[in-house]
Structures are given as C-alpha cells and as structure tokens.
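The next block holds one structure in the form of structure tokens; read it before the comments.
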C-alpha cells in the first residue's frame, strides 16, 4: 500500500501570491471534502484484493526434490524402522536386536511418524524428481523422464504414497503396543511398498530376476 498527497493551498500560494490565499484555501477544503470518500473506497478495494490473493495463494513452498526428501527424511525413517528389529547369527550364537526400554520404543516411534508424514510431502504437486543436473543411475530413468511419468500417472504416485503411509501406520500401531513381531512384519510391508513405487517411476525398464 502507498499514500500520496498534496496541499492545494500551498500550491496556489506559490503560483499566484498572497492575494489568492482565501480562494486557494477554499479550493483546498473543497477538494479534500470531495476526495475523502474515494480514498476510503480504494482502501477497502485494496484490502479486499489482498484478502482474496492470500486465500488463493498456497501456504506451502516447495524447496526440495523427491530425491532430496528420500535422502533427508524418507530413507532415514525407514532405515530406523528396519534396523530396530533384527536377528543375526554369528559364531557366538544368535543375536536379537529389538527395542527394550521406553526410550528405545520412543525413538522407533519417531521414525514411524516421520515416514508417515513424509508421504504428504512426496506427493505435493510441483515437486521435481531430482535436482537439476542429476545423473541417472544405471537402469534408472532421467529426472526429466521421471517428472513426465509422474505427471502422467499422478494418481498412481498418490496410491503408492498412501500404501506406504498405511504400512507405516501398522508399524506405529505395533510400536504403541510394543509388539516386536508386528513391527518386523510391518517393516517387510514397508520394503515392498517402497519397491513398488521405485520400479514404477524410477526404473520401470529394469529386469526383474526370476525366482
């Protein structure tokens, strides 16, 4: 917003001299009384326009690509869930890794929540697959090709994101019940959901090994 004004009386005095003071003052008062309503209406119009623009403008600002989200948020959250439960056989015997203390369960729970919410970020319209100049890995589509594939099949991307969010929700339920077996099973489902999206959008031409 901006405001600008001038004094008619001052302008008249500078141009015509002292003898026109009374007339200039009268004109100034008349001009002010006549223009008081239009500025008020203009102010309301500007305010209404600003409100309209703010309501139409999205509150979200995309700053990262899907690849960057995967590296910064999705992968660490998924890894935290997968690494929380494991059985390892060594020469010394079988080692079982699992959450045991309340602090352990709280830490794993944070991973589940992060993974669930990260899917809302992944599917935001306008988010590109990778930063400019990113080289495609072997067997992977280029970032531009992935973007085109996502634009053409956005419903599929949203479906994969919902599936992953659902499996992460199962992990969260298992965590809240301190169910180690349920957490392990949810981890396997999360892996399958991730891979289904990857083979569809990132490397659809990859050869799947036969069992």
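Every read-out reported here was derived from the displayed coordinates using simple, explicitly stated rules and does not represent laboratory data. None of these values were measured; they are calculated from a predicted model. Please note: Cβ atoms are built from the backbone with ideal geometry, for glycine as well, and neighbour counts cover all protein chains shown.
Say each of residue 125 and residue 153 gets a label point 7 Å from the Cα, pointing the same way as Cα to Cβ; how far apart are those two points in nm?
With each label point 7 Å from Cα toward Cβ, the separation is 2.0 nm.
Give, as ranges by residue number, the residues of the stretch 100-128 whose backbone N falls under 19 Å from the point 7 Å along Cα→Cβ of residue 178.
100-112
Return the Cα extents of the stretch 66-201 along principal axes one, two and three, sorted largest first, each rounded to a whole Å.
49, 33, 20
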